[in-house]
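Okay, so here's the structure we're looking at.
The values are calculated or read from the model by the stated rules, or taken from the named source; none is laboratory data. Not measured: the values here are computed from a predicted model. Using ideal geometry, Cβ is built from the backbone for each residue, glycine included, and neighbour counts are taken over all protein chains shown.
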Amino acid sequence: MGEFQYIGSEIVDMERSFNNKRDFDAKDDILPKRVNVPNMEKELQVYYDLRGWTKDGRVGKKK
């Protein structure tokens, strides 16, 4: 991972952590009804796994 990708990843985790502290989590990760994404819950879980977040969309501990 390049330096800029690492910094961007850290920023996304900091933003998510900020929102988690205000009780935002997976229940708030929704798209407008007009946007149809098949298997949205499954895709979110894959994204959370890739980011190292918990299944409920909270920032996990760093490795």
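Going by the conditions given, is Leu44 outside any strand (DSSP E or B) and either surrounded by 10 or more Cβ atoms within 10 Å (Cβ to Cβ) or on the phi > 0 side of the Ramachandran plot (or both)? Let's see the steps before the verdict.
Numbers: outside any strand (DSSP E or B): yes; either surrounded by 10 or more Cβ atoms within 10 Å (Cβ to Cβ) or on the phi > 0 side of the Ramachandran plot (or both): yes.
Yes, satisfied.
Can Asp29 be described as touching a residue at least 12 places away in the same chain (Cβ under 8 Å) and touching a Leu at 6+ places or on another chain (Cβ under 7 Å)?
Numbers: touching a residue at least 12 places away in the same chain (Cβ under 8 Å): yes; touching a Leu at 6+ places or on another chain (Cβ under 7 Å): yes.
In short, yes.
Selection over segment 19-33 of residues that are assigned to a loop (DSSP other than H, G, I, E, B) and either modelled with pLDDT of 95 or more or under 19 Å from Ser9 (Cα atoms) (or both) gives a count of 5.
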